[in-house]
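Novice: My questions will all concern the structure given below.
The values are calculated or read from the model by the stated rules, or taken from the named source; none is laboratory data. As the structure is a computational prediction, the values presented were derived from the model and not from experiment. Every residue, glycine as well, gets a Cβ built from its backbone with ideal geometry; the counts of neighbours run over all protein chains shown. Side chains included, ligands, DNA and RNA excluded: accessible areas come from the protein's heavy atoms. Shrake-Rupley method; radii C 1.70, N 1.55, O 1.52, S 1.80 Å.
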Amino acid sequence: MDEAGKLLAVTKAQLRQYLTSCQFLLGSAEASPEHILQTLECIQLDPVSLVDRNQNLVLQARTKHFSPGIFDEWLTNGQTVEYEANAASLMPMADFPILKGVQRRLYKSLEPELHQLGPVVDEVLRRLETEGPLTSRAFDSTHKVAGYWDNQSPNTKVTSHALNLLRDMGILRVVAREGNQRVFDLTWRGLPEAVRRRWETIPEAEADQLLLQKYLRAYRVIDVSDPRFGWRALTLAERWGQVSCLVSQDVLTPISVENAERRYWILTSDLDRILAYSSSEPDIDAQPLRFLPPLDNLLWRRPRLQDLFEFSYTWEIYLPAAKRRYGPYVMPILAGSRLVGRIDAKRDNAQNQLSVSGIWWESWVSDSKHWRRFVLDQLGGWAKRLGLTSVAMPPHRE
């Protein structure tokens, strides 16, 4: 607030440039993948691969230095940890201790369910202790139970469910992947010594505060109505309490954004950086196009996307085909700091090409010949980064 007690006015253009710059989506694509992960705080994991896996597309949109298999390499080498942040995510290994509060609360809530699986749990732990890291496929079981993703009938192997519970509680962790198969091991085994000591001794309250700070750095423009606030299960009243405390500590500053439906807060430490941006933005063909996957960090908070980028987006993969407006893996297109349209595409490995079903531009984007040539050139570059040799486009309709 200013001296008169009024909320600081920040334009949408300033916030768009700030967010895209913070997320390595504005300017050069020279940052290292390691630096990007560290700055983004985490990258969301998803097995869907119509174009490529979400985590790969997140890095491909931000750096020229992406290489296939880098996420598996990080996990296997102990550089990262896989756990829930913004859903299932990969984050730097140094952050593992700050998950302790979440793990302890899950331990208390899941312990009765784990106890019901007694002999199965004992066998899982015994085999991991004696044999070392194992995939869920290594455990044979015909007994099915209701797992996390079973909505109608039990369809999860009891051993797989035990592995998931033990991982959530912090007893096991994912140490590698074989395709989409997770490889589990005892949490303490293979942890860097400094990380293990910190994880064993950090108080839960301190871990929760550090996790909150990590969330704030990941989002940077904060909305108290976000149900994932702090990457913890908090009530709305608890979220308001946290925000009020952070404002009183001068960690967050409330702002006014014209015509935004929600209230927003920014990191006080970033205030000068935000205000340094102009309220006008560069031409949309002055920067390379970035094709963002549905779970990209910039897209995490859909209401914020509507408020600040004036862009409405729904991932339609879980909608019945008849209810889809665009396509199952429609991806927003970023030009500079503006979301200018969306593309439905898929990888055609048989033809070694990127097959585009449709592109839809926002109403204010001029679909000129110059723009179409620019887009085709950008699509060709994207296909090349995906390891494909060509792009198949639908017929252009005048």
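Novice: Over all directions, what mean area does the Cα convex hull of region 160-205 project, stated in square nanometres?
Specialist: Details: hull surface 15.4 nm².
That works out to 3.9 nm², a quarter of the Cα hull's surface.
Novice: Of the heavy-atom accessible surface of region 286-336 (probe 1.4 angstrom), what whole percent is carbon and sulfur?
Specialist: Details: 960 of 1850 Å².
The computed percentage sits at 52.
Novice: Between TRP188 and SER279, what is the spin-label point distance in nm, taking each point 7 Å from the Cα along the Cα→C-beta axis?
Specialist: About 6.0 nm separates the two model spin labels.
Novice: Here is a follow-up. What per residue convex hull volume, in Å³, do the alpha-carbon atoms of region 209-286 yield?
Specialist: Numbers: hull volume 9.8 nm³, N = 78.
Value for region 209-286: 126 Å³ per residue.
Novice: May I ask you to work out the translational diffusion coefficient for region 7-62 at 25 °C, viscosity 0.890 mPa s, via Stokes-Einstein with Rh from the Kirkwood sum over Cα pairs, reported in whole µm²/s? The partial results should precede the final answer.
Specialist: Working: Rh = 12.8 Å.
Taking Rh from Cα pairs, D becomes 192 µm²/s.
Novice: As an exercise, use a Förster radius of 25 Å and the Cβ-Cβ distance of TRP149 and ALA392 to find the FRET efficiency, rounded to the nearest 0.05. Write down the numbers at each step before the final one.
Specialist: Working: r = 34 Å, r/R0 = 1.35.
E(calc), rounded to 0.05, equals 0.15.
Novice: With springs connecting C-alpha atoms under 10 Å apart, model the chain as a Gaussian network and identify which of LEU298, LEU376, LEU308 has the largest mean-square fluctuation.
Specialist: Among LEU298, LEU376, LEU308, the largest mean-square fluctuation in the Gaussian network model of the chain belongs to LEU376.
Novice: Still on this structure: Do any trypsin sites (Lys or Arg not before Pro) in region 312-357 lie in a DSSP loop with no more than 13 other beta carbon atoms within 10 Å, and if so, which?
Specialist: Working: sites: LYS323, ARG324, ARG325, ARG338, ARG342, LYS346, ARG347; in loops: ARG324, ARG325.
Sparse-neighbourhood loop trypsin sites (Lys or Arg not before Pro): ARG325.
Novice: Right, another one. Distance between Cα centroids, region 235-285 to region 151-225: provide it in whole Å.
Specialist: When both Cα centres are located, 29 Å separates them.
Novice: Classify region 298-398 as rounded, prolate or oblate, taking a ≥ b ≥ c as the square roots of the eigenvalues of its Cα gyration tensor: rounded when a/c is under 1.5, otherwise prolate if a/b is larger than b/c and oblate if not. Don't skip to the end; give the middle numbers.
Specialist: Details: a/c = 1.64, a/b = 1.24, b/c = 1.32.
The shape class here is oblate.
Novice: Which value, in Å², gives the accessible area per residue of region 64-148 when a 1.4 Å probe is used on the protein heavy atoms? Walk me through the numbers before you get to the answer.
Specialist: Working: 4400 Å² over 85 residues.
So region 64-148 comes to 52 Å² accessible per residue, rounded to a whole number.
Novice: Here's another thing I want to ask about it. Please give, to one decimal in nm, the separation of the simple spin-label points placed at VAL48 and TRP240, each 7 Å out from Cα toward the Cβ.
Specialist: Spacing of the two 7 Å Cα→Cβ label points: 3.5 nm.
Novice: With the Cα gyration tensor of region 95-231 in hand, convert its eigenvalues to equivalent ellipsoid semi-axes via √(5λ) and list them largest first in whole Å. Walk me through the numbers on the way to the answer.
Specialist: On the way: eigenvalues 159, 76, 40 Å².
For region 95-231, the semi-axes come out at 28, 20, 14 Å.
Novice: Please compute the modelled spin-label separation between GLU261 and VAL247, points set 7 Å along Cα→Cβ, answer in nm with one decimal.
Specialist: Roughly 2.2 nm, to one decimal.
Novice: Test of the criteria: in region 328-398, which chymotrypsin sites (Phe, Trp or Tyr not before Pro) are in a DSSP loop and have at most 15 other Cβ atoms within 10 angstrom of their Cβ?
Specialist: On the way: sites: TYR329, TRP360, TRP361, TRP364, TRP371, PHE374, TRP382; in loops: TYR329, TRP364.
Counting only loop positions with at most 15 other Cβ atoms within 10 Å, the chymotrypsin sites (Phe, Trp or Tyr not before Pro) in region 328-398 are TRP364.
Novice: Restrict the search to region 46-90; then list the trypsin sites (Lys or Arg not before Pro) that DSSP places in a loop and that have at most 15 other Cβ atoms within 10 Å of their Cβ.
Specialist: In loop regions of region 46-90 (DSSP not H, G, I, E or B), the sparsely surrounded trypsin sites (Lys or Arg not before Pro) are LYS64.
Novice: Students often get this wrong: which residues of region 368-397 have the backbone nitrogen under 14 Å from the point 7 angstrom along Cα-to-C-beta of ASN352?
Specialist: 384-391
Novice: About its Cα centre, how strong a charge dipole does region 213-300 have in debye, to the nearest 20, once Lys and Arg get +1 and Asp and Glu get -1 at the Cβ? Each step should come with its number before you reach the end.
Specialist: Working: 10 positive and 12 negative charges, 99 e Å.
That gives a dipole near 480 debye.
Novice: Follow-up question, since we're still on this one. Based solely on its DSSP helices, what 222 nm [θ] is calculated for the chain when runs of n ≥ 4 H residues each add -39,500 (n - 2.57) and the sum is averaged over all residues, nearest 500 deg cm²/dmol? Present the calculation step by step, with values, prior to reporting the outcome.
Specialist: Values: 13 runs with 143 residues, N = 398.
Taking each H run of at least 4 residues, the total per residue is -11000 deg cm²/dmol.
Novice: Calculate, axis by axis, the spread of Cα positions in region 1-124 along the three principal axes, and write the results as whole Å, longest axis first.
Specialist: 61, 46, 28
Novice: Right, next: Apply 1/(1 + (r/R0)^6) to the Cβ-Cβ distance of ARG137 and PHE374, taking R0 = 51 Å, and write down the FRET efficiency to the nearest 0.05. Please report the intermediate quantities before stating the final value.
Specialist: Working: r = 47 Å, r/R0 = 0.92.
Once rounded, the FRET efficiency stands at 0.65.
Novice: Could you size up the charge dipole of region 107-213 around its Cα centre, putting +1 on the beta carbon of Lys and Arg and -1 on that of Asp and Glu, and report it in debye to the nearest 20? Let's see the in-between values first.
Specialist: On the way: 14 positive and 16 negative charges, 61 e Å.
In debye, rounded to 20, region 107-213 gives about 300.
Novice: In terms of the ratio Rg/(2.2 N^0.38 Å) built on C-alpha atoms, what value belongs to the chain?
Specialist: Details: Rg = 22.6 Å, N = 398, 2.2 N^0.38 = 21.4 Å.
It is 1.06.
Novice: Oh, and also: Between region 78-100 and region 316-333, what is the separation of their alpha carbon centroids in Å?
Specialist: 30
Novice: Kindly state, to the nearest 0.05, the FRET efficiency for TYR107 paired with GLU73, given R0 = 35 Å and r defined as their beta-carbon distance.
Specialist: Details: r = 30 Å, r/R0 = 0.87.
Efficiency for this residue pair is about 0.70.
Novice: From the mean inverse distance of alpha carbon pairs (Kirkwood) and the Cα radius of gyration, derive Rg over Rh for region 91-160.
Specialist: Values: Rg = 14.3 Å, Rh = 14.2 Å.
Here Rg/Rh amounts to 1.01.
Novice: Give the Kirkwood hydrodynamic radius (Å, one decimal) of region 238-372, defined as one over the mean of 1/r across all pairs of different Cα atoms.
Specialist: Details: mean 1/r = 0.0567 Å⁻¹.
Kirkwood hydrodynamic radius for region 238-372: 17.6 Å.
Novice: Now a separate question. P(r) for region 155-286, please, calculated from all Cα pair distances in 5 Å bins and given in %.
Specialist: Result returned by the calculation: 2, 8, 12, 15, 13, 12, 12, 10, 8, 6, 2, 0.
Novice: Treating only the Cβ atoms of Lys and Arg (+1) and Asp and Glu (-1) as charged, compute the dipole magnitude of region 1-148 about its Cα centre; round to the nearest 20 debye.
Specialist: Working: 14 positive and 19 negative charges, 86 e Å.
For region 1-148, the charge dipole is close to 420 debye.
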